[in-house]
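Down below is the structure, laid out as structure tokens.
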């Protein structure tokens, strides 16, 4: 039987992300995500439960999160669970907690909500995938240097837009395809 450690979460940030660097200058940021589950009890009452989840983001993705996200920003996180252990300095006891190691963070808010800005820039784009520990080829949805430097007349740089997804093909279209045209 194969093991699987994959997590998909959506929620809002409980504080502004802060960028830190490890001793070898790798960027890292800790996010705290609040996600609420709602249900109706047997008595007909509507109930809610909010869960606060710590998320660790690395490398360029951490820098992008710190640049564009703020307290209250809606995000989607794809990642894996990780056990963090340490010794409590006051009691000397071993402590642990489970957190999410983010592979991908997607910004869900359509507009940036900085005070003092005009709010016209869209930031609902996906940040670049994490490339820690393995060399990856081309990274989709990563803006080119020319696109990243394109600035509107009176605001911050706009991220490059992701290409529009293809419309799904119908079964009839797949029947007409040759053997070399099969997409998988």
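The values are calculated or read from the model by the stated rules, or taken from the named source; none is laboratory data. Here the structure is a predicted model, which means the values were calculated and not measured. Counting neighbours? That spans all protein chains shown, and the Cβs are built from the backbone with ideal geometry, glycine included.
What to note about this one:
- The criterion of at least 3 residues that are touching a helix residue (DSSP H, G or I) at 6+ places or on another chain (Cβ under 9 Å), touching a residue at least 24 places away in the same chain (Cβ under 8 Å) and buried (at least 17 other Cβ atoms within 10 Å of the Cβ) is met by the following strands (runs of 3 or more DSSP E) wholly inside the range 1-120: 27-40, 94-107.
- Residue count, the range 89-118 (criterion: at pLDDT below 90 and within 19 Å of residue 13 (Cα to Cα)): 7
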